[in-house]
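The values are calculated or read from the model by the stated rules, or taken from the named source; none is laboratory data. Please read these numbers as outputs of a predicted model, since none were measured by experiment. Please note: Cβ atoms are built from the backbone with ideal geometry, for glycine as well, and neighbour counts cover all protein chains shown.
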2 protein chains.
Amino acid sequence: MTDKKKQILAVALELFANDGFNGTSTSKIAKEAGVSEGLIFRHFEHKNGLLNALVQQAVERIRLLIEPILIETDPKKVIQKSIDLPFALPESEYPFWKLQFKLKWENDYEQDKMRPFIEKLTWAFSNLGYIQARKEAEVLNHIIESISIGILREGRKSQEGLKEFILRKYLK
Amino acid sequence: MTDKKKQILAVALELFANDGFNGTSTSKIAKEAGVSEGLIFRHFEHKNGLLNALVQQAVERIRLLIEPILIETDPKKVIQKSIDLPFALPESEYPFWKLQFKLKWENDYEQDKMRPFIEKLTWAFSNLGYIQARKEAEVLNHIIESISIGILREGRKSQEGLKEFILRKYLK
DNA sequence: GTCTATACTGCGATAGAC
DNA sequence: GTCTATCGCAGTATAGAC
């Protein structure tokens, strides 16, 4: 992957996240990336190719993000790390995750990338003696998702107070 | 409001929810609504006027939706009705709420329409003896938001099992 | 640079309500 | 006879994909 290609993707990501796919023109991407518009089509064929590449990246990034949780063997740590997840996102990656959350509303977006994460949470709750471990996991996953959305939309600070509160709720 | 005007709004809602604002052309709206394109502009001035009208409707619908909760005087019923909220949405209104959730990602969308709802939840938890009533309310609000999203994306059934579970969690 | 899509305008015409 | 809601369609200007 050449530098210019990376640069195009980075700019496309930022613009798609802010203005939406249809709200972003290829010419604007080219200008902001400091490349000719033609180069975009050389690398990605059509505008949609840009989006596809970005979605592909998402699969890998999600995997990396939840991997430390999946290999954790202490159930309490699983839960603690899970709650920490949205707060640990580097701010530089906010546009990336913003785009993913927006894309979830598109009909052809493959859902369920978080399935193994929920399984692991279920395992953790089960291990801690919760009867309805699966539901407990789903609820916590809901909380984490919604907090993530809050952070991406209004910044980490808007949610920070909740972290300790939830940790205590689950790990007392 | 004439029938055709209503029809235009209904179609615009559906298309905006599915294909996004920028992804929907006024000519397509006109065709699907069975009206001339000119009529759209006669009634709404510009394409954005359509969106404004839809957002205006949202304010009112949200008010109607949470009103029964706001006037409730029994704290347990407040919580019970709140949890029931996303499950009680008529399926015919799903596109409407879908659009609202999508719009939340736009920069100029006025957030915080749910503020009074959170206040009421806080009041309820406070009344039930919870120490950190405010945080408790925020967490439940997160759960309800995320469940709503799940229902809008994957249907009511995908979340139904959680309802009883959460009710019991909070009202036992 | 080319070509298409799209927001928006303008206007003549019709049919029904009062 | 006027007013209002509508149609149908020609036309302009611009943006945007390629």
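Key figures for this structure:
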{"item": "Residue A:67 being modelled with pLDDT of 95 or more and either out of contact with any Leu (no Cβ under 8 Å at 6 or more places or on another chain) or of a type in the set (Asp, Glu) (or both)", "result": "yes"}
{"item": "Residue B:79, sole failed condition from (1) aliphatic (A, V, I, L, M); (2) more than 9 Å from DNA strand C (Cβ to nearest atom); (3) not assigned by TED's automatic domain parsing to the domain that holds residue B:115", "result": "(3)"}
{"item": "Residues being more than 10 Å from DNA strand D (Cβ to nearest atom) and at positive phi - total across segment B:26-67", "result": "1"}
{"item": "Test: residue in segment A:153-163 that is more than 8 Å from chain B (Cβ to nearest Cβ), farther than 14 Å from residue A:82 by Cβ, acidic (Asp, Glu) and in contact (Cβ under 8 Å) with a residue 40 or more places away in the chain", "result": "yes"}
{"item": "Single condition residue B:141 does not satisfy, out of (1) within 11 Å of chain A (Cβ to nearest Cβ); (2) under 26 Å from residue B:10 (Cβ atoms); (3) not charged (D, E, K, R)", "result": "(2)"}
{"item": "Residue that is farthest from residue B:104 (Cα to Cα) [pool: residues in segment B:149-172 that are assigned to a loop (DSSP other than H, G, I, E, B) and of a type in the set (Lys, Arg)]", "result": "B:172"}
